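The values are calculated or read from the model by the stated rules, or taken from the named source; none is laboratory data. This one's a predicted model, so the numbers in the text were calculated from it and none came from an experiment. Note that we place each Cβ from the backbone using ideal geometry, even for glycine, and neighbour counts take in every protein chain shown.
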Amino acid sequence: MKVGFVYDPIYLKHDTGSHVENAGRLEALISFLDHTRMTQRLTPIKPRAATIEELALVHEPQHIAHVQAMAKKGGGWLDPDTVMSPGSYEAALYAAGGAIEATKAVLDGDVTSAFALVRPPGHHATPQRAMGFCIFNNIAIAAKYAMATHNLERIAIIDFDVHHGNGTQDAFYDNPQVLYVSTHQSPFYPGTGSIDETGTGKAKGTKINIPLPAGNGDAEYLRVFEEIVAPAVTRYNPQLIMVSAGYDAHWNDTLALMMLSVVGIIKITRIIKQLADELCEGKLVFCLEGGYTSPVLGISIFNTFNMLLGSQDIRDAIGPPPRKFDIPSIDGLIETIKNIHNLT
């Protein structure tokens, strides 16, 4: 089986300085994948700049023009969390285009699965604005591209970043062609993703939010994926599964308070792969979102690629969290979500 990856040094042109989402994230990741010879086992996929028309599948013209103008004047802050440099617009075009090319390679059968190692990330970017380190919504643009060019009618997007992907949800809130499922810490940024956000009109029920209290770890995430995510995706029967892959729910990440280990991350990722194998001939596209501790990002993505290549081994040099927290039971939350979405 062929597993593809997208990367280009152009992503480093999004120069955010000492911002937590900085070029060093990808530099350290690629260095680790090269050092472990993982990149030699993968099929490279060359990114390109997304066109304005492709961006406009998700984003309003005013937002696209604003980002372009901000880069031309030397950069600046798009919101209190999201900064641009002169090279950020071009990097963002290539991030969206990289997600598109990863999706195209999977749908064309050039690879079975692919991971777009891109930045800036995307899942907070709404049709109207940048926010939360995100400029354009890479995964939403790629999903719209897949529907437009390959006539897909059902795409599942699974988002396990520790933050709710409000922008992705907004892009498809009234669109039944996309099942959006998110696990995220709550209450937490950006304040969206409650269980009653389920979509509107014909899309009602195709947006599934699983807001988890801080301190949840491997056991809780596995329950959620086994009892909610897997049944919901199976019932939806997608033609393609896409993943907003954020690694900031790991216990060693500095921006959140979840207790996932690398082992837990790969176990839930394996569930996603099994769903793709069973439902859509293995068609699976990952797109990098958060994850701000370089060792966690490196070993997690290494293990993800290893799993996609067919290995059952999980290498976790970081280990489990050093201590456990007293956390409320999620029994009631799981049952409520199952009742809302008729998964009982």
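Residue-wise test of (1) under 30 Å from Lys204 (Cα atoms); (2) out of contact with any Gly (no Cβ under 7 Å at 6 or more places or on another chain); (3) surrounded by 22 or more Cβ atoms within 10 Å (Cβ to Cβ).
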{"position": "Leu284", "(1), (2), (3)": "yes, yes, yes"}
{"position": "Glu289", "(1), (2), (3)": "yes, no, yes"}
{"position": "Asp316", "(1), (2), (3)": "no, yes, no"}
{"position": "Gly319", "(1), (2), (3)": "no, yes, no"}
{"position": "Pro328", "(1), (2), (3)": "yes, yes, no"}
{"position": "Asp331", "(1), (2), (3)": "yes, yes, no"}
{"position": "Thr344", "(1), (2), (3)": "yes, yes, no"}
Original post:
Does Val106 satisfy the criteria of being touching a strand residue (DSSP E or B) at 6+ places or on another chain (Cβ under 6 Å) and either touching a residue at least 24 places away in the same chain (Cβ under 8 Å) or not in a helix (DSSP H, G or I) (or both)?
Top reply: yes
Original post:
Out of Leu255, Leu297, Leu333, Leu343, which single residue is at pLDDT 95 or above, within 20 Å of the chain's Cα centre (by Cα) and either not charged (D, E, K, R) or not in a loop (DSSP other than H, G, I, E, B) (or both)?
Top reply: Leu297
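Okay, residues lined up against (1) assigned to a helix (DSSP H, G or I); (2) modelled with pLDDT of 95 or more; (3) over 21 Å from the mean Cα position of the chain (by Cα); (4) of a type in the set (Asp, Glu):
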| position | (1), (2), (3), (4) |
| --- | --- |
| Gly17 | no, yes, yes, no |
| Leu26 | yes, yes, no, no |
| Ser31 | yes, yes, yes, no |
| Val67 | yes, yes, yes, no |
Original post:
What residue, among those in the stretch 219-241 that are among the β-branched types (Val, Ile, Thr) and within 26 Å of Gly332 (Cα to Cα), is surrounded by the fewest Cβ atoms within 10 Å (Cβ to Cβ)?
Top reply: Thr234
Original post:
Failed condition for Lys13, given (1) over 20 Å from the mean Cα position of the chain (by Cα); (2) under 25 Å from Val111 (Cα atoms); (3) surrounded by 13 or more Cβ atoms within 10 Å (Cβ to Cβ), with all others met?
Top reply: (2)
Subject >> Test for Tyr89: is it under 21 Å from Tyr292 (Cβ atoms), out of contact with any Asp or Glu (no Cβ under 7 Å at 6 or more places or on another chain), touching a residue at least 12 places away in the same chain (Cβ under 8 Å) and part of a helix (DSSP H, G or I) >> reply: no
Subject >> Sole residue being touching a Pro at 6+ places or on another chain (Cβ under 9 Å) and more than 25 Å from Gly332 (Cβ to Cβ), chosen from Ser294, Ser244 >> reply: Ser244
**OP:** Restricting attention to the stretch 134-190, report how many residues are buried (at least 23 other Cβ atoms within 10 Å of the Cβ), part of a loop (DSSP other than H, G, I, E, B) and aliphatic (A, V, I, L, M).
**Re:** 2
**OP:** Looking for whichever is surrounded by fewer than 23 Cβ atoms within 10 Å (Cβ to Cβ) and either in contact with a helix residue (DSSP H, G or I) (Cβ under 8 Å, 6 or more places away or on another chain) or under 18 Å from Ala28 (Cα atoms) (or both) here; the options are Leu257, Leu309. Which one fits?
**Re:** Leu309
Original post:
Would a scan of the stretch 279-293 turn up a residue that is in contact with a Lys or Arg (Cβ under 6 Å, 6 or more places away or on another chain), modelled with pLDDT of 95 or more and either not hydroxyl-bearing (Ser, Thr, Tyr) or not in a strand (DSSP E or B) (or both)?
Top reply: no
**OP:** Could you please let me know if Leu55 is touching a strand residue (DSSP E or B) at 6+ places or on another chain (Cβ under 7 Å), aliphatic (A, V, I, L, M) and within 18 Å of Arg119 (Cβ to Cβ)?
**Re:** no
**OP:** Could you list, in sequence order, all residues of the stretch 9-20 that are in contact (Cβ under 8 Å) with a residue 12 or more places away in the chain and either hydroxyl-bearing (Ser, Thr, Tyr) or touching a Lys or Arg at 6+ places or on another chain (Cβ under 7 Å) (or both)?
**Re:** Tyr11, His14, Thr16
Subject >> Lone unmet requirement of (1) assigned to a helix (DSSP H, G or I); (2) without any contact (Cβ under 8 Å) to a residue 60 or more places away in the chain; (3) of a type in the set (Val, Ile, Thr) for Ile272 >> reply: (2)
Subject >> Residue count, the stretch 36-65 (criterion: in contact with a helix residue (DSSP H, G or I) (Cβ under 9 Å, 6 or more places away or on another chain) and either part of a helix (DSSP H, G or I) or among the aromatic types (Phe, Trp, Tyr) (or both)) >> reply: 9
Original post:
Do the conditions hold for Ala276, that is, is it within 21 Å of Pro120 (Cα to Cα) and crowded, with 21+ Cβ neighbours inside 10 Å?
Top reply: no
Original post:
If we keep just the residues of the stretch 300-330 that are small (Gly, Ala, Ser) and in a loop (DSSP other than H, G, I, E, B), which is nearest to Pro213 (Cα to Cα)?
Top reply: Ser329
**OP:** Can you give me the number of residues within the stretch 293-331 that are of a type in the set (Asp, Glu) and within 26 Å of Phe5 (Cβ to Cβ)?
**Re:** 2
